[in-house]
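Asker: Would you mind keeping the following structure in view while I ask a few things?
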Amino acid sequence: MRKWMILLAAVVALALPGNSQVQNAPAGAQPSLEPGYYPVGPNPGYGGTPAVKNEPNPVGDDDPVALASGRRLFVWYNCYGCHGGRAGGGMGPSLRDKTWIYGNTDADIFNSIAEGRGKGMPAWGLKIPQGQIWQIVAYIQSLGTPREPDAPK
Amino acid sequence: MFGYARKFVAVSMAAAFFAAGAWSRSPRAPRGGRQAVTQVGGAFKLVSPVPNGDWEEPAGDLANTRFSPLSQINTQNVKNLKVIAILSDGIAHGHEGQPLVVNNTLYEVTPYPNELIAYNLKDLSGPVEWIYNPYPNPISQGKACCDVVNRGAAYGDGKIVYQILSDEVVAVDAKTGKQVWRTRTGESTQGQTSTNAPIIVKGKVYVGNAGGELGVRGKLTCLDLATGKILWTAYSQGPDSDVLIGPDFHPFYKKDQGKDLGVSTWPPDQWKHGGGTIWGWISYDPETNLIFYGTGNPGVWNPDQRAGSNHWSITIFARDADTGQAKWAYQVEPHDDFDYDEIMENIAIDMDWHGKMRKLLLHPGRNGFFLVLDRETGELLSAEKFVDSTNWASGYDLKTGLPILNPAKVTHQGVVTTDICPSSTGGKEFVPSAVSPITGYDYIPAHNTCMDYEGLPANYIAGTPYLGADVKMYPGPGGYQGMLEAWDLKTQKPVWSIKDPLFPVYSGVLATGGNVVFYGTLEGWFRAVDARTGQILWQFKTPSGIIGDPMTYIGPDGHQYVAIYSAIGGWMGATAFPSISISDPTAALGVVGAMAKIKQYSPPGDNLFIFGL
Amino acid sequence: MTTMSIAALLFQGITRSQSMLNPAGLAAHRISTLGWITYIIFMAVAAVMWLLVFWLALRRRGTLAEHDPWDANHGGGRGGEQWIIAGGLLMPVVILTTLFVLTMDTMSHFPIRDANGDPPAPNIVVDAHQWWWEVHYVDGPVDQHFTTANEIHIPVGQPMTIELQSDDVMHSFWVPQLNGKMDFIPGETNETRIEANRAGVFRGECSVFCGEQHAHMAMLVVAQSPADYQKWRADQLADAAQPATPEAQAGEQVFLSAPCAFCHTVRGTAAAGVVAPDLTHIGSRLSLASDTLVNNKANLEAWITHAQSLKPGVEMPNLTQFTGLQLREMVDYLQQLR
């Protein structure tokens, strides 16, 4: 009897979703249905309040998979085109220095990415999953530290 | 009695002659922008009149010679040049381009937010006449690849016309500062910005657009000067109907002949993000009634995503000024591997070329080669290296018009190609050279910068950069990174050069009838140089690096003045801003690697300097 | 969901015989022939050896006293020396030399170089990624090039040269019914050539361990008559089909306003991402996720919302932001992209 219960429990556990680092979009946030257009600035879908408050990064700041994914997404989503090949700046400000216009906690950086900002930073939170944004936050927090993947040479 | 009369007549006639002579040589010579001087010197023939007191077009004249016949300031007295006024606009971003002077008023277009400021030259210490603020869309600041610059305005029919960063052309009444019309040419959300200076010809305004780093399709728009209505648009790729290629089109070289090359030389649909933006200078030849301009890079920097020759990027076009129909086109570099935009000035002169008088077009190219073309047919007559370190090609085959590529420098996705010279910023950037019909030289503000380049896969996301390249730049060999080079147009060889060990020369050049050549450095030095020998006759250290273009005019008092912006920024100068970290040499599209020291030499600034004797 | 896909896979495994012993092309025939010859020779040798062993074991050996002690001068027993020379030297030399010659002859029939000794111009360039195949058709002028993923179509009877590149780790291209293995080595370019002599669907797999999902990195090679192949080419070259039904039209809007367009391309729309499989004609493909799932609506919905459960570690994220209706409309749209 016990063997069958263990087996049943194992099957149930296996059937659960495997990826724990992705959460659903926050309640009330609807994906924008305007194709190809980027609203910027605090995202109305988030009700004018910041997307997250004071949360530390749920994927952790030194998970190597998150850092590698964050670096990959930094390139794939063209962040490097505005913020520089290794985030040293360009059209947009450097993310490697100590000046943070909108704050440098995990939550602040998440909000800047998710909500967009008024001088041309797109509102990525309307499109990409939150888990991916957290991975990018982890990469940004690693800049200039020994954990930075693909550091400048 | 006759004796007295004769003496009287003689004296009065002498007096009259004196007065006439004095009057004609007097500094109070009559002004008048275009109708002024049609020939100066003998080295070549000017094609359009050069300004003789005002400065109404961005390049002074329509042929883009950037030559002024004014000679009050000359090689003897330029050492006495001093600061007459410093005008600040409070916007500490790159000031490219040049102010205009019309009817004793100086007009400045600032970087974003693109204010138009009218200064009363009669009283520079007093309040400005007026300021016109067009309130561009703020998100355009995040779409400008290379600082929120503006390359200037043009004057026509009582209006000052210029572009604002968020893709509108505005016309402002030159006396009152009130907007006359405003026309939209694109959308910031799609990544387009508008930075180049218009030219005005026969009641029409010609403007280009920018955004080749964001996958924007380049286009030349022609508007009616009176109403601002768009008359026609010529794209830089797509079917022939988009590019305004019709039965009048006769490209000289076989490689540029064929139907719908703007589609067939790209993988399917890739031309829709094909770049070819027109963000540099536009020139005009009254003799042939043709507009000349060059197009920029073919969109994505990763060459493997766009197999094919990518027409009509990196192409010099000649179009009928009235209809916009292309007369000829010459693609300077097929299938660009390096971001060698060829939007540089195309200077129209008539010169004796190997024994025959020909209508020429001079184009010191971003790719390090000085191109001379026949502006009637588009034939390439000469392509010599004006920067020694150029190694992406060994030369040009004049029969086919193709560059002779160096296979070791070709770039690819996933491969780091090193030591490519020149770098993406080129042997010369958009900053315009000047020619002098007295010396027969072209004064080129040149760079000696090299780079490593790796292609990356790039996803097109509207409004974000569409790049696909990891670039790192550094100074080239030879111990200098910039120079002002005098290029002899007859022999197509350099005559002299003033080398700058630290930084590229990123300012425009002005050549004058007094045989003085003016230019500025990124450290902030504004220099007056002997046009014949290259000797530095005078220099002044302005507080910020110079990326603008010097111009000269006659003030209300009849004296000659020279004006130049001292306000670093732009692409090469981006490293000077505090928001850029020098710990990342690949930042700012790679220039940080070459410009890391600039922070010690030049802070950002916002000044317009006026110098006089 | 998982059991359904396993069942589908098993079903596929039974109907598509991915075996080098079931060759469908000239190259595979030669390899298969060599394989059989080698097998038969070795089995024969093995049979002989087993017979000898059994004979040795079963024959009457006699007592120690009945045999002379082994004499170094005579080599002991009847013809022991001959056994050693014949069986230990001559036979192996003959057999192995024969096999060597046969192998060399087989390999000589794999011309990757053309008559001048140059690598032939490729018809197809395959870029291997973790864990999918990016397939570029590069025949002819550049505006006739197109990109697809995970499924390669070839005309029957015509050899297709494939250039193999990888930007991340080593992979290997092996369609057992058509060719031998050829590796993808990052930083290098390899070529292989495949040719089918009958129409059919032939499954291949990545044959060098390349990471977590190496086992789910299969590809399908579809051999068609030349006329069908040209039709397929023309269809693939065309831009994406315009959605005809209201559901598909709504689905197109959902697709374009979601992050799909950042990584995927649907030519003819604003979606122009290149780091993920090209979806311009996804409706016409036989499978999803490199032949991990059968291509149908249910699996596509599952893939979009829970790719990480189906193929953990892939770069496709779980996209859970859609309502049920939006998801269904988007899948409607994608399935009509034939």
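Asker: Pick from segment B:254-290 the residues that are surrounded by 17 or more Cβ atoms within 10 Å (Cβ to Cβ) and among the charged types (D, E, K, R): which of them is nearest to B:ILE347 (Cα to Cα)?
Answerer: Ranking the qualifying residues of segment B:254-290, first place goes to B:ASP285.
Asker: Which residues, counting only those in segment B:169-182, are on the phi < 0 side of the Ramachandran plot and surrounded by fewer than 20 Cβ atoms within 10 Å (Cβ to Cβ)?
Answerer: B:ASP173, B:LYS175, B:THR176, B:LYS178, B:GLN179, B:VAL180, B:TRP181, B:ARG182 - these are the residues of segment B:169-182 that are on the phi < 0 side of the Ramachandran plot and surrounded by fewer than 20 Cβ atoms within 10 Å (Cβ to Cβ).
Asker: If I ask for residues that are closer than 24 Å to C:ALA128 by Cα and either modelled with pLDDT under 95 or surrounded by fewer than 19 Cβ atoms within 10 Å (Cβ to Cβ) (or both), which ones from segment C:317-336 would you list?
Answerer: C:PRO317, C:ASN318
Asker: Looking at segment B:88-103, is at least one residue under 17 Å from B:PRO543 (Cα atoms) and aliphatic (A, V, I, L, M)?
Answerer: Checked segment B:88-103: at least one residue is under 17 Å from B:PRO543 (Cα atoms) and aliphatic (A, V, I, L, M).
Asker: Which of the residues that make up segment B:270-290 are under 26 Å from B:GLY97 (Cα atoms) and of a type in the set (Ser, Thr, Tyr)?
Answerer: Hits for segment B:270-290 are B:THR277, B:SER283, B:TYR284.
Asker: Now for a different question. Select from segment B:110-154 the residues that are within 20 Å of B:THR183 (Cα to Cα) and among the basic types (Lys, Arg) and write down the one among them that is nearest to the other protein chains (Cβ to nearest Cβ).
Answerer: B:LYS143
Asker: While we're here: Within segment A:63-116, track down each residue that is part of a helix (DSSP H, G or I), facing another protein chain (nearest Cβ under 7 Å) and either at pLDDT below 90 or more than 14 Å from the chain's Cα centre (by Cα) (or both).
Answerer: Across segment A:63-116, the qualifying residues are A:GLY81, A:CYS82.
Asker: Tell me, please, whether a residue that is farther than 29 Å from B:PRO49 by Cα and crowded, with 24+ Cβ neighbours inside 10 Å can be found in segment B:341-359.
Answerer: Among the residues of segment B:341-359, not one is farther than 29 Å from B:PRO49 by Cα and crowded, with 24+ Cβ neighbours inside 10 Å, which makes the answer no.
Asker: Follow-up. Among the residues that make up segment B:219-229, is at least one of them buried (at least 17 other Cβ atoms within 10 Å of the Cβ) and in contact with a Leu (Cβ under 6 Å, 6 or more places away or on another chain)?
Answerer: Yes, there is a match, as at least one residue in segment B:219-229 is buried (at least 17 other Cβ atoms within 10 Å of the Cβ) and in contact with a Leu (Cβ under 6 Å, 6 or more places away or on another chain).
Asker: Please work out which residue is nearest to the other protein chains (Cβ to nearest Cβ), limiting yourself to segment B:187-229 and to residues that are of a type in the set (Val, Ile, Thr), over 15 Å from B:ASP322 (Cβ atoms) and part of a strand (DSSP E or B).
Answerer: Looking at the filtered set, the residue picked out is B:THR193.
The rows are residues; the columns are (1) closer than 26 Å to B:GLY152 by Cα; (2) away from every other protein chain (no Cβ under 14 Å); (3) of a type in the set (Phe, Trp, Tyr).
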{"site": "B:HIS273", "(1), (2), (3)": "no, no, no"}
{"site": "B:THR288", "(1), (2), (3)": "yes, yes, no"}
{"site": "B:TRP301", "(1), (2), (3)": "no, no, yes"}
{"site": "B:ARG306", "(1), (2), (3)": "no, no, no"}
{"site": "B:GLN331", "(1), (2), (3)": "no, yes, no"}
{"site": "B:PRO334", "(1), (2), (3)": "no, no, no"}
{"site": "B:ASP337", "(1), (2), (3)": "no, yes, no"}
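Asker: Further, regarding this structure: So which residues in segment B:281-305 are touching a Ser or Thr at 6+ places or on another chain (Cβ under 9 Å) and part of a loop (DSSP other than H, G, I, E, B)?
Answerer: B:PRO286, B:GLU287, B:THR295, B:GLY296, B:ASN297, B:PRO298, B:GLY299, B:TRP301, B:ASN302
Asker: Among the residues of segment B:429-466, how many are within 14 Å of chain A (Cβ to nearest Cβ), under 22 Å from B:GLY365 (Cβ atoms) and assigned to a loop (DSSP other than H, G, I, E, B)?
Answerer: Residues in segment B:429-466 being within 14 Å of chain A (Cβ to nearest Cβ), under 22 Å from B:GLY365 (Cβ atoms) and assigned to a loop (DSSP other than H, G, I, E, B): 0 in total.
Asker: Just name the residue that is surrounded by the fewest Cβ atoms within 10 Å (Cβ to Cβ) out of those in segment C:301-316 that are within 13 Å of chain A (Cβ to nearest Cβ) and either of a type in the set (D, E, K, R) or in contact with a His (Cβ under 9 Å, 6 or more places away or on another chain) (or both).
Answerer: Among them, the one singled out is C:GLU315.
Asker: Same structure, new question: Report the residue count in segment B:394-416 for those that are outside any loop (DSSP other than H, G, I, E, B) and touching a residue at least 60 places away in the same chain (Cβ under 8 Å).
Answerer: Selection size over segment B:394-416: 5.
Asker: Test C:ASP143 against the criterion of being of a type in the set (D, E, K, R) and over 25 Å from the mean Cα position of the chain (by Cα), and give yes or no.
Answerer: So C:ASP143 fits the description; yes.
Asker: Suppose the filter is surrounded by 17 or more Cβ atoms within 10 Å (Cβ to Cβ), within 14 Å of chain C (Cβ to nearest Cβ), part of a loop (DSSP other than H, G, I, E, B) and touching a strand residue (DSSP E or B) at 6+ places or on another chain (Cβ under 8 Å); does B:PRO251 pass it?
Answerer: No, not satisfied.
The values are calculated or read from the model by the stated rules, or taken from the named source; none is laboratory data. These numbers come from a predicted model, not from an experiment. Here the Cβ is made from the backbone with ideal geometry for all residues, glycine too, and neighbour counts use every protein chain on show.
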